[in-house]
Structure formats: C-alpha cells, structure tokens
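Taking it in order: structure first as structure tokens, then the write-up.
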Amino acid sequence: MKIHNNLRSGQKIEIEVAENGERALYYSKIEEVIDDTTYIITAPVGRRTYSLLSVSDIVRVIYNLKFSIYTFEAEVMGRQKSNESILIKLKRVSEIYKIQRRNYYRLNAMVSVVIRFHPAGEENSEKIIKNFETVDISGGGIKLASNQLFIVNSNVSILINIPGIEREVIEGKVVRCEISEERHGLYQTGIQFTKIPKKVRYIIEQYILNKQREYLRKGIT
C-alpha cells in the first residue's frame, strides 16, 4: 500500500548519512513542509557536531509516528540561513516505507528480566519469581539461557529492565525449553509475548534500534 506524506512541521526525524564508508546518524526536525515531497529541516546534529550535508547528497530519513516507524530516501537540494541557524532543503526521491514488524528482529543482548512462573514438576504450587538475563530480545519475545527448567506451553509474567517499561507486566508463553548445545548444563528457553501493550512493544523496538546503531558505531556485528 502506498503511503502518502505524513510529515508535519515540528516532527522530529533522524538522518542517516554516508561518512567515510560508514553510516552515521544525526537528529533533526521538520521546519517546514513545502509540498508532498519537499521539506525544510534543521541542520542535522550529532553528539558533538553538525552535519551540514552537501547538495546532491542522498540521505535516509527515519521517523516515528503513532508507534510505527517510517523511512524514505531524500536528496539534499540546498542550504539556507535563518536567524543564525542553518536549514537544509530535502527532496524525497523514494516512496515512504513503513518498517514491518511481522518478523521481529532479534537482538543479541543481555537484559535483566523478572519472571513469575510455575517451576517444572510443581504445576500445582504457587508461582515463583526469579531474576534472569536474556540471550536475545525482540518485539515478539525473549530467549534465556539458565539452569531453570520451564514447562513448555505454560504461561508466565515478565518485567523487563528497559527504561520506561520496568513496571509494565508482559504476559508470555513458554514455546521452547531444551538443553543448550552451546552452554553446558543450561537450558535454552524461548518465551513468546502473548499480551503486551502497543506502547511497551514500541519501546522495546526502539531499544533494539538504538542498540543496533550503538553496535554499528563500535563495529560490533
């Protein structure tokens, strides 16, 4: 489905540019929407520097809207000065694409989680609460490597230590628990999220995107 221009003045955006053979990320804002494909933005800024860009540069624009992430490519058409500020004129040269979430990207990362569950062999007892660390995480679930045997198809409750959602309870289902071939004496457990607020999933996905960018800057694959 073709996505029409949904950018408005004041919208915060991210600009990906090619620098020395690598992709660098800067932050900017839509200053003015001239028409469906032409925008005036503030000079993209990084942690310590600005990127003034050059005419004819092709950049990627990324932005969030209503818990969805959109992207398109744009060409730098020119620069102008306004009240001591530098503004950049962009022309969209591709369709607008919504980043799909049907297949959630799994990030290899250790994130602290708290899980409430029935231990194997104790299905009729009270659920217990234990701390774990993930092996990977996505918008659709988590994977653990631990000495805990979980009951496949059992329901669990999860708290994830990511800023902004630490107190948000996520309901999940154990879809896999098997002896790890890579880590002796441990079980690999896959947990699928079954009930998760849209905003919480969005924050997890933003965390993953930020970590991906951090890994790229550090040369970690």
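Structure notes:
- For the chain, leaving out every one of the GluC sites (Glu not before Pro) that falls in a DSSP loop and has at most 16 other Cβ atoms within 10 Å, the longest unbroken run is 1-83.
- Convex hull volume of the range 12-98 per residue (C-alpha atoms, cubic angstrom): 107 Å³
- Tensor-based shape of the range 82-151 (alpha-carbon gyration tensor, a/c under 1.5 rounded, otherwise prolate or oblate): prolate
- Projecting the Cα atoms of ILE30, ASN64, GLN192 onto the charge dipole of the chain (Cβ charges, centred on the Cα centre) puts ILE30 farthest toward the positive pole.
- Compared with the direct C-alpha span, the chain from ASN83 to GLU214 gains 43.8 nm at full extension, assuming 0.36 nm per residue.
- Against the main long axis of the alpha-carbon atoms of the chain, helix 198-218 sits at an angle near 70°.
- Cross-link pairs exceeding 20 Å in C-alpha to C-alpha distance, out of LYS143/LYS211; LYS12/LYS91; LYS98/LYS195; LYS130/LYS211; LYS91/LYS211, comprise LYS98/LYS195; LYS130/LYS211; LYS91/LYS211.
- Over the range 107-206: Rg over Rh, Cα atoms, Kirkwood Rh: 0.95
- When LEU65, LEU90 are arranged by Cβ crowding within 10 Å, least crowded first, meaning fewest neighbours, the order is LEU65, LEU90.
- Each helix, a run of at least 4 DSSP H residues, gives -39500 (n - 2.57); summed and divided by the residues of the chain, these come to -3500 deg cm²/dmol at 222 nm.
- Pair GLU32, LEU149: separation of 7 Å Cα→Cβ label points (nm): 7.0 nm
- Taking other C-beta atoms within 10 Å as the exposure proxy, ASP35, ASP136 rank ASP35, ASP136 from fewest upward.
- Calculated Cα extents along the principal axes in Å (choose from (i) 64, 39, 34; (ii) 69, 32, 31; (iii) 78, 33, 24), label: (ii)
- Three-way shape label, the range 19-62, alpha-carbon gyration tensor, a/c 1.5: prolate
- The chain - percent relative contact order, Cα under 8 Å, separation 6 or more: 12 percent
Only the coordinates and a few stated rules stand behind these numbers; no lab work does. Bear in mind the structure is a predicted one, so any value in this text is a computation, not a measurement. For neighbour counting, all protein chains shown are included, and Cβ atoms are generated from backbone atoms with ideal geometry for every residue, glycine included.
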